Amino acid sequence: MKRTPLLLLILLLIIAIAITALRVIATPASQPESNFAFRFEFGACNTDILDAFEGTFTQDRIIEPSITISLRLSEEQMVTIYQKMMGIDFFDYPDEFVISHPVGIQSPAKEYFITVRNGETAKNVHWIDDYFNPMDRRSVKLNALFRMIMEMIWEHPEFKKLPELNAGCL
């Protein structure tokens with residue numbers, strides 16, 4: 001009779017350990033793999049490129065030759081980007097992303113292309129964002145990720161050293 005409570009306690013302990021183990025397996029890592037990097041191309045009538053694999057940024061000067069500089073995001077910024085990717089299920093986006101509920105067309109269209117590597121996983125996403133104020137939830141999330149990366153670039157001390165652009169698009 002005294003063994004029943006002890007067996008019940010052991011069984012409950014085993015179940016608790018199993019549930020904890022399943023949560024750990026099902027939860028994506030909060031930290032990226034040591035080889036996490038990406039190449040992010042973005043622009044409307046020009047294409048700027050942040051290459052986190054190489055630690056460079058190339059600014060398309062439109063009517064002047066492009067300028068490539070050394071630009072490395074901090075480890076904290078890279079973790080923030082990775083966590084944002086995990087938060088929006090970035091690795092589940094289609095390679096060619098298209099908005100499902102377009103609202104109004106804008107021109108020139110913003111175009112994005114990102115290649116990401118994390119451990120053994122690689123992912124490409126291409127998006128021509130030619131809709132004004134998209135209402136699609138996934139496009140809003142992807143736009144927030146891309147906007148965050150662009151703001152990190154624009155606030156970087158090395159970016160601020162670039163000469164002012166002499167051309168743009170309307």
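Considering only the other residues whose Cβ falls under 14 Å of the Cβ of Glu155, what net charge follows from Lys and Arg at +1 and Asp and Glu at -1?
Neighbour charge sum, excluding Glu155 itself: +1.
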If amide H atoms are modeled at 1.01 Å from N in the peptide plane, then the residues at a separation of 5 or more from Leu71, or on another chain, having amide H under 5 Å from its own are Thr56, Phe57
With Cβ to Cβ distances under 11 Å as the rule, what net charge do the other residues near Thr58 carry (K, R +1; D, E -1)? -3
How much accessible surface does Met86 have with a 1.4 Å probe, in Å² rounded to 10? 50 Å²
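Below 9 angstrom from the Cβ of Val125, what's the summed charge of the other residues (Lys, Arg +1; Asp, Glu -1)?
Residues close to Val125 contribute a combined charge of -1.
The values are calculated or read from the model by the stated rules, or taken from the named source; none is laboratory data. Note that this is a predicted model, so its numbers are computed, not measured. Ideal geometry is used to build each Cβ from the backbone, glycine not excepted, and the neighbour counts take in all protein chains shown. These accessible areas exclude ligands, DNA and RNA; they are computed on the full protein's heavy atoms, side chains included. Shrake-Rupley method; radii C 1.70, N 1.55, O 1.52, S 1.80 Å.
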